[in-house]
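Contents: one structure, followed by commentary.
The values are calculated or read from the model by the stated rules, or taken from the named source; none is laboratory data. Keep in mind that what you see is a predicted model, and the values were worked out from it rather than measured. Note: ideal-geometry Cβ built from the backbone for every residue, glycine included; neighbour counts use all protein chains shown.
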Amino acid sequence: MSDSLKAAFPADVSQWVLFNLAKEEFGVPAAQVQEIVRYPEVTHVPGMPQFVKGVVNLRGKIVPILDLKERFEIAGEPPALGSRRIIVSLMGKDSVGLIVDAVLEVVRLEPQSISPVPAGLPQIDSEYLGGVGKFRDRLIVLLNLEKLLTAMEKKILGDLKG
């Protein structure tokens, strides 16, 4: 694993939660996933960046909800009715919900199967990405959740929680 990949993902990251956005497959470290829930009713909060859909109350905890398709500017058909999920993940010490079209599976990726992000990957800004994993005959775009939000966006979302 290259130095840049080691910086993005600790050596002990081997389990990944795979999900779809449009027709693309993505993964997040399973260790950062707190839970996966059906898409709930989201309360809109005015003045938020467009990719912040609002907040939900999960067992008394206010969780901001981010639309990854909006964040990455991915177009595509709406997901099948009932397949859309929220992956509640840790970003630092805070929880955020990530809207995904469908959760696929949890897989183990060996460090040697993860490589740096190649040039020309879909229109997603490479700063959000940690690498590309090979699983069976598929390429999985691996997100670096710590880079998903700017410092200002993290502050704005932190203010939502009070």
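Hey, any hits in segment 124-142 for a residue that's polar (S, T, N, Q) and closer than 14 Å to Arg71 by Cβ? Within segment 124-142, one or more residues are polar (S, T, N, Q) and closer than 14 Å to Arg71 by Cβ. Condition test on Val96, is it out of contact with any helix residue (DSSP H, G or I) (no Cβ under 6 Å at 6 or more places or on another chain), touching a residue at least 40 places away in the same chain (Cβ under 8 Å), closer than 23 Å to Arg38 by Cα and surrounded by 14 or more Cβ atoms within 10 Å (Cβ to Cβ)? Yes, satisfied. Within segment 103-119, the only residue that satisfies the criterion of being in contact with a Lys or Arg (Cβ under 7 Å, 6 or more places away or on another chain) and in a strand (DSSP E or B) is Val103. Number of residues in segment 43-57 that are among the aliphatic types (A, V, I, L, M) and closer than 14 Å to Met152 by Cα: the value is 2.
So, Ile156, is that one of a type outside the set (Gly, Ala, Ser), in a strand (DSSP E or B) and more than 14 Å from Glu24 (Cα to Cα) or not? For Ile156, the condition - of a type outside the set (Gly, Ala, Ser), in a strand (DSSP E or B) and more than 14 Å from Glu24 (Cα to Cα) - is not met. Entry remark, segment 89-121: residues being modelled with pLDDT of 90 or more and closer than 18 Å to Leu21 by Cα number 13 in total. Among the residues of segment 41-81, those identified as small (Gly, Ala, Ser) and in contact (Cβ under 8 Å) with a residue 24 or more places away in the chain are Ala75, Gly76. Of everything in segment 105-129 that is under 20 Å from Gln34 (Cα atoms) and in contact with a Phe, Trp or Tyr (Cβ under 6 Å, 6 or more places away or on another chain), the residue that is surrounded by the fewest Cβ atoms within 10 Å (Cβ to Cβ) is Val107. For segment 89-102, which positions are of a type outside the set (D, E, K, R) and in a strand (DSSP E or B)? Within segment 89-102, Ser89, Leu90, Met91, Ser95, Val96, Gly97, Leu98, Ile99, Val100, Ala102 qualify.
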